[in-house]
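Single-structure report; data block below.
The values are calculated or read from the model by the stated rules, or taken from the named source; none is laboratory data. Owing to the predicted nature of the structure, the values given are computational and were not obtained by experimental measurement. Heads up, the Cβs are rebuilt from the backbone with ideal geometry, glycines too, and the neighbour counts pull from every protein chain shown. To get the accessible areas, we keep the full protein, side chains included, count just its heavy atoms, and leave off ligands, DNA and RNA. Shrake-Rupley method; radii C 1.70, N 1.55, O 1.52, S 1.80 Å.
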Amino acid sequence: ACPVGFFTVEGSKQCFKYWNDYPRNWEESKFKCMDENLVLASPSDEAAIALRKYILDEYGDRVYLWLDGVVPKGRNPMMWQRNQTELRRDNPLWLRGEPMLCSKHEFLCGDLCLLMPIVQELVTFFPTQVYRTWDCAWYLGATLCEAIDV
């Protein structure tokens, strides 16, 4: 069972904690989790769709969650930072057209981070696709942390 103040979703034993007190960029979300002795969430593939549904049901539409994945300078594969495993391009959880990587305009491209947009239209039209890339510096994300020693 998860500690008080945390939640889990169907198909998962992971314990998550959600903050939407104000928008953070990816790095600030990571540090918020560290300040709480937690880590930025890395939902299992089996939990990702249920996690999006839980956040939509509990916290409403138009929530954007930063997750633990990063594409450094937009050129390499998306990597889960905690265990340095690849979130493969052919993973069926990517939204159509994702992951976006830099190509022609590389000089404009910074780090790209993993975002889970909780948007009703996306849930309706893409019920099994939950991930997209976004500029890590943008202040649009809520923070989803995970307890790793429960």
**OP:** Among residues belonging to segment 111-136 that are at pLDDT below 90 and open to solvent by 30 Å² or more (accessible area, probe 1.4 Å), point out the one that is nearest to Tyr64 (Cα to Cα).
**Re:** Trp134
Subject >> Members of segment 40-75 found to be small (Gly, Ala, Ser), under 17 Å from Thr124 (Cβ atoms) and either touching a Cys at 6+ places or on another chain (Cβ under 7 Å) or at pLDDT below 90 (or both), listed by number >> reply: Gly60
Original post:
In the list Lys17, Lys13, which residue meets the criterion of being buried (at least 17 other Cβ atoms within 10 Å of the Cβ) and closer than 12 Å to Glu146 by Cβ?
Top reply: Lys17
**OP:** Considering (1) modelled with pLDDT under 90; (2) in contact with a Lys or Arg (Cβ under 8 Å, 6 or more places away or on another chain); (3) aliphatic (A, V, I, L, M); (4) within 30 Å of Ala1 (Cα to Cα), say which one Leu101 fails and leave the rest.
**Re:** (4)
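Please verify whether segment 24-32 includes one or more residues that are part of a loop (DSSP other than H, G, I, E, B) and open to solvent by 30 Å² or more (accessible area, probe 1.4 Å).
No: zero hits.
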Original post:
What is the residue count in segment 53-74 for residues that are over 19 Å from Leu87 (Cβ atoms) and among the hydroxyl-bearing types (Ser, Thr, Tyr)?
Top reply: 2
Subject >> Among (1) surrounded by 17 or more Cβ atoms within 10 Å (Cβ to Cβ); (2) at pLDDT below 95 - the single one Gln84 does not satisfy >> reply: (1)
Subject >> Selection within segment 33-65 - open to solvent by 70 Å² or more (accessible area, probe 1.4 Å) and hydroxyl-bearing (Ser, Thr, Tyr) >> reply: Tyr59
